[in-house]
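The values are calculated or read from the model by the stated rules, or taken from the named source; none is laboratory data. Bear in mind that the values here come from a model prediction, so they are computed numbers and not experimental data. A quick note on method: Cβ atoms are made from the backbone with ideal geometry, for glycine too, and the neighbour counts reach across all protein chains shown.
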Amino acid sequence: MLGFLLRLLPFWVREPLLIAVGSVLGARIMYLAVQDHDWVAAGLGVVFLVFTAIRVHMVIRALRARRNPGPAATADGEVVEPAAQPQAQPQPQAQPQPQPQPQAQPQPQAQPQLQTQPQVGTGRRGAPDAPEKEPNAWGQAAAAVAVFGALAIALWAAPRVLPSDYTAPRPASCTDGEHEEMPKAYRKEPRAVTGDELCKALNRPDLAQLLGTPGERATTASGTSNTAPLTDEKVAQPEAEVSFDTYTVHFSATYNGLSIAQYVKLMKFGSEKDVRTLTVLGRSAVFSSDHTMKFKISLGGGGTGGPVEEGPLARTLSVALDGKDGGGYYDLTVWSESGALPDDSALLGVAEKVLPSIPDRSAR
């Protein structure tokens, strides 16, 4: 159906349209093929470009034919040789006949009679056929502009008209935890925020850029309102996590009586590495490194999961809940499956953007 509609278009509208579409699609497919190293897509892009080159050659031939006064160009750009005109053949001229000699006896002279004989080849030829009127070039140009304008409007409106399944994937969003049943520890702690609030503070549009990986989109984002382990569910510890292709960021708040100064002393007896104290937003803070844990869970067959193994190295920035360092802290942890870590400055930049956006519950 589309091919039939294209054939109905005039030559000077159809061919520029095919050239424009073929060149754009061919260049776009080749660009994506080079990025993805897809040889099948590269071959398809070459087909589009070859098709476009053939169309360009046809248009050039048609333009040359229109400029040449000899051959005539049809509406489809085909060159037609002019029909051979019949040429008049030269007629032989009549030879003069010898006149007889007069006799001695006088004869009455006959009056000469003028006889007209038709001359061969002197008849008027028929008038040549009037040349067909060529299409208006300005009208064809206006039609081409109208077609291109319609295509541009269609491409612009397609993402707004088509369902969201056909649009570009959006970053992961945090789940709504308003109806989640909160543990008793949150009702006893006036400062405690929920895991959903931590997730919304962490899942910023510029989080990937702050981590040094601009252009990445969050693949998962979640928040839970948990309690700290080994506290008999008496200490609130909400958590949030946002994952990208490169890094995973874990954010938690622990509402206990442990200050950063006391936490640093405990690190000396633990396995934390590269401990470095500093101040963030006027609060006491400390950098530390430790390995994550990796374990496998068997979902069938009656077998048990594998043993707990040491995972990739993680970098954590712990910041006091307030400037007085009266107890409690935020933990901002980053790791990757490859083991690569961003600079401490990147993690510090994330903390300076995320911490001020957390709801202040100190007056509750």
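Side notes on the structure shown:
- Filter result (farther than 20 Å from Pro205 by Cα and either within 34 Å of the chain's Cα centre (by Cα) or surrounded by 13 or more Cβ atoms within 10 Å (Cβ to Cβ) (or both)) within the stretch 320-335: Ala320, Leu321, Asp322, Asp325, Gly327, Gly328, Tyr329, Tyr330, Asp331
- The stretch 196-233, residues that are in contact (Cβ under 8 Å) with a residue 12 or more places away in the chain, assigned to a loop (DSSP other than H, G, I, E, B) and farther than 19 Å from Arg315 by Cα: Arg204, Pro205, Asp206, Glu216, Arg217, Ala218, Thr219, Ala228, Thr231, Glu233
- Among the residues making up the stretch 195-217, a single one is surrounded by 14 or more Cβ atoms within 10 Å (Cβ to Cβ) and farther than 18 Å from Ala351 by Cα: Glu216.
- Candidates in the stretch 240-281 are the residues that are part of a loop (DSSP other than H, G, I, E, B) and modelled with pLDDT under 90; of these, the one that is surrounded by the most Cβ atoms within 10 Å (Cβ to Cβ) is Glu272.
- Selection from the stretch 1-30 of residues that are loosely packed, with under 14 Cβ neighbours inside 10 Å, of a type outside the set (A, V, I, L, M) and either modelled with pLDDT under 80 or at positive phi (or both): Gly3, Phe4, Arg7
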